[in-house]
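Colleague: One structure, pasted below without further comment.
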Amino acid sequence: MKLIFEKSREGRVGWTPPEKTVDAKIRIPEKMLRQGIDLPELSEVDVVRHYTALSRMNYGVDTGFYPLGSCTMKYNPKVNEKACRMSGFCGIHPYQPTDMTQGALELMHELEKDLCEITGMKKFTLQPAAGAHGELTGIMLIKAYFMDKGEHRHKILVPDSSHGTNPASAAFCGFEVVQVNSDVDGGVDLKHLEELMTDDVAGLMLTNPNTLGLFDRNIVEIARIVHSKGGKVYYDGANMNAILGKCRPGDMGFDVIHLNLHKTFSTPHGGGGPGSGPVGASKELEAYLPKPTVEVRTEGKGRRFFLNYDRPKSIGRVRSYYGNFGVMVRAYAYIKALGGVGLRKVGENAVLNANYLMKKLKSHYYLPYDRTCMHEFVLSGRDQVHDCGVHTSDMAKRILDYGMHAPTIYFQLLVEEALMIEPTETENKDTLDEFAEVMIKIAGECRTNPELVKKAPQNTPVKRLDNTLAARNPDLRWIHR
Ligand SMILES: *Cc1c(COP(=O)(O)O)cnc(C)c1O
């Protein structure tokens, strides 16, 4: 396919302004004249066809199944997009006086209350712009808490089955990261935890369900062990769709949590944002949450929402303004539309779908942790490597040939040749069956025609790229070749 610049022909235009009807001297400033700027010249139909063709080469949640583990690439109801594009929401400026933004503040306040109810936490901040940003904020709360108490704790414990951002966030906040091993069941090794949990440990960050897609059976005991030595427990709730409406981290004893609104609560993601990673704190830690917070007071017969900067123990601002507001509107619309019963169904269907697929695939791929999973599960391509010389990366490319997106691969690090599959709650049985069929077919191809799998993909606009070179030196003309 040609670049739009290559399709350009001198003098071709998309729109012709009407003949001059007023005789006024309008001088376009020199620097704004078109000369010297290499803009493509095309007609309207050229432009429409060019971009439509490009859009058809793309793949997204709106085009097909996207089982990218740990990412929750689910379908998001379009009505929520409509809500966040309402002019009253998308036209306001963050510096407008709060007299003029009462509705937006009310929405933020309501959303915060809903998130408290969903997670069992005392108070939330909506400022963090992503999951990892939420983790950093949460760890800063823990740090501020211990500084306030005059305790010097310089370590954070992180299980080896946690999401990679957990140790990164703790290290970024100046803590020494100490790894806790998993047991044979895929949960935290309690004996190891007990050994490591000393009084210089500020806390433990737990991804739950962990990156094996497993709910830690000892979660209450884990929180108890950490608390018994004065530490705090952090819950990575990025994959909240696994437990929505079923159980609450606050009830399990967690002190801090972050959520990913752009995974669980209806904001499409990928490509770098915008996201939102609200952080919830327990009663003990709420004073350290970022400021301003959105508060409400009664005034006469009504309620008045305001931004509260009077928070002496707060860690301060973690983001400009108040966070990514459009993401909050979608989450609000999603939560209100589903209600408690609907949110619980989200959790149930996410888990049901993952277990259904796991059952269908486990006789074709090695399943290292064979127990009921949550919203995702991790298969291993170990047998395909050993028996047929085909790697997980080859199989992932072959999935593209069948018109579907590949799962996450080579992450979970505890599993050799990992395939991390998250179907999400929004897929129906037909789609799950179709994907299972593709995966089973590919397992067969590995045995009968391994070369075919190793040469995949063949049916995509681009064939196999050099991963490193393609990222460093993108060649936008590739489709020519
Ligand atoms: C996605 C994810 C994160 C990071 O979220 P970002 O918004 O990408 O920063 C953290 N933890 C878990 C478990 C995740 O799945």
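Colleague: What does the accessible area of residue 283 come to, in Å² to the nearest 10, when a probe of 1.4 Å is used?
Modeller: Spelled out: residue 283, probe radius 1.4 Å, area about 150 Å².
Colleague: If one computes the Cα centroid of the range 100-144 and of the range 246-284, what distance in Å separates the two points?
Modeller: Taking the Cα centre of the range 246-284 as reference, the centre of the range 100-144 is 8 Å away.
Colleague: What FRET efficiency would be calculated for the residue pair residue 341, residue 25, taking the C-beta separation as r and a Förster radius of 60 Å, to the nearest 0.05? List each step's numbers first, then the result.
Modeller: Details: r = 68 Å, r/R0 = 1.13.
Efficiency computed from Cβ-Cβ geometry: 0.35.
Colleague: Using the Kirkwood radius built from alpha carbon pairs, what does the Stokes-Einstein equation give as D for the chain at 25 °C and 0.890 mPa s, in µm² per second?
Modeller: 98
Colleague: Rounded, prolate or oblate: which one fits the range 155-218, using the alpha carbon gyration tensor with axes a ≥ b ≥ c (rounded when a/c is under 1.5, else prolate when a/b beats b/c, else oblate)?
Modeller: The shape class here is oblate.
Colleague: Given the rule -39500 (n - 2.57) for each run of at least 4 DSSP H residues, summed and divided by the residues of the chain, what is its mean residue ellipticity at 222 nm, to the nearest 500 deg cm²/dmol?
Modeller: -11500 deg cm²/dmol
Colleague: May I ask you to derive the FRET efficiency for residue 437 and residue 181 from their Cβ-Cβ distance with R0 = 45 Å, giving the value to the nearest 0.05?
Modeller: After rounding to 0.05, the efficiency reads 0.75.
Colleague: How large, in percent, is the carbon and sulfur part of the accessible surface of the chain at a probe radius of 1.4 Å? Could the numbers behind the result be given before it?
Modeller: On the way: 13000 of 24110 Å².
Its accessible area is 54 percent carbon and sulfur atoms.
Colleague: How big is the dipole moment of the range 78-338 about its Cα centre under a simple scheme where the beta carbon of each Lys and Arg is +1, that of each Asp and Glu is -1, and everything else is neutral? Debye, nearest 20, please.
Modeller: Values: 30 positive and 29 negative charges, 212 e Å.
My answer is approximately 1020 debye.
Colleague: I would also like to ask the following. Leaving ligands and nucleic acids out of the surface, order 269, 258 by accessible area at 1.4 Å, largest first.
Modeller: Solvent-accessible surface, decreasing: 269, 258.
Colleague: Go through 358, 86 and list them by solvent-accessible area, largest first, probe radius 1.4 Å.
Modeller: 86, 358
Colleague: What is the spread of the Cα atoms of the range 1-57 along each of their three principal axes, largest first, in whole Å?
Modeller: Extents along the principal axes, in whole Å: 47, 25, 18.
Colleague: Just to be sure I understand: of the beta bridges DSSP finds with both ends in the chain, what percent are antiparallel, rounded to 5? Walk me through the numbers on the way to the answer.
Modeller: On the way: 22 of 40 bridges.
Roughly 55 percent of the DSSP beta bridges within the chain come out antiparallel.
Colleague: First check a/c for the range 1-134, with a ≥ b ≥ c the square roots of the eigenvalues of its C-alpha gyration tensor; if it is under 1.5, answer rounded, and if not, answer prolate when a/b is larger than b/c or oblate otherwise. Walk me through the intermediate numbers first.
Modeller: Values: a/c = 3.04, a/b = 1.61, b/c = 1.89.
Because a/c hits 1.5 or more and a/b fails to exceed b/c, the range 1-134 counts as oblate.
Colleague: Give the peptides 301-313, 141-153 in descending order of average Cβ contacts within 10 Å, highest first.
Modeller: In decreasing order of mean packing, 301-313, 141-153 become 141-153, 301-313.
Colleague: Another question about this same structure. Would you work out the Kirkwood radius for the range 78-338? I mean one over the mean of 1/r across all pairs of different Cα atoms, in Å.
Modeller: On the way: mean 1/r = 0.0533 Å⁻¹.
Mean inverse Cα-Cα distance, inverted, gives 18.8 Å.
Colleague: Quick one: the Cα spread of the range 336-404 along its three principal axes, in angstroms, biggest first?
Modeller: 50, 29, 15
Colleague: Something else about it: Along Cα→Cβ, 7 Å out, is where each label goes; now give me the distance between the ones at residue 218 and residue 47 in nm to one decimal.
Modeller: 6.3
Colleague: Excluding ligands, DNA and RNA, what is the solvent-accessible area per residue of the chain at a probe of 1.4 Å, expressed in Å²?
Modeller: I get 50 Å² per residue for the chain.
Colleague: Rounded, prolate or oblate: pick one for the range 347-472, where a ≥ b ≥ c are the square roots of the eigenvalues of its C-alpha gyration tensor, a/c under 1.5 means rounded, and failing that, prolate if a/b is larger than b/c, else oblate.
Modeller: The shape class here is prolate.
Colleague: Also: If I measure Cβ to Cβ between cysteines in the chain, which ones have no partner under 4.7 Å?
Modeller: If one checks each Cβ against the other cysteines of the chain, 71, 84, 90, 116, 173, 247, 373 turn up with nothing under 4.7 Å.
Colleague: Set the Förster distance to 51 Å, then compute FRET efficiency between residue 152 and residue 360 from the Cβ-Cβ distance, nearest 0.05.
Modeller: According to the calculation, E is roughly 0.45.
Colleague: Once Lys and Arg get +1 and Asp and Glu get -1 on their Cβ, which of 91, 307, 244 lies farthest toward the positive end of the dipole of the range 78-338?
Modeller: It is 91.
Colleague: How many angstrom lie between the Cα centre of the range 26-49 and the Cα centre of the range 170-237?
Modeller: 59
Colleague: Same structure again: If the limit is 26 Å between Cα atoms, which of 78/122; 429/463; 283/345; 74/345; 191/283; 113/149 go over it? Kindly include the intermediate steps, with their values, before the conclusion.
Modeller: Values: 78/122 31 Å; 429/463 30 Å; 283/345 29 Å; 74/345 14 Å; 191/283 29 Å; 113/149 28 Å.
Long pairs (Cα-Cα over 26 Å): 78/122; 429/463; 283/345; 191/283; 113/149.
Colleague: So if each residue of separation counts as 0.36 nm, and I subtract the Cα-Cα distance between residue 304 and residue 35, what length gain in nm does that give?
Modeller: Additional length available on full extension: 91.4 nm.
The values are calculated or read from the model by the stated rules, or taken from the named source; none is laboratory data. The model shown is predicted, which means the values in this text are computed figures rather than measured ones. Using ideal geometry, Cβ is built from the backbone for each residue, glycine included, and neighbour counts are taken over all protein chains shown. Calculation scope for accessible area: heavy atoms of the full protein, side chains included, ligands and nucleic acids excluded. Shrake-Rupley method; radii C 1.70, N 1.55, O 1.52, S 1.80 Å.
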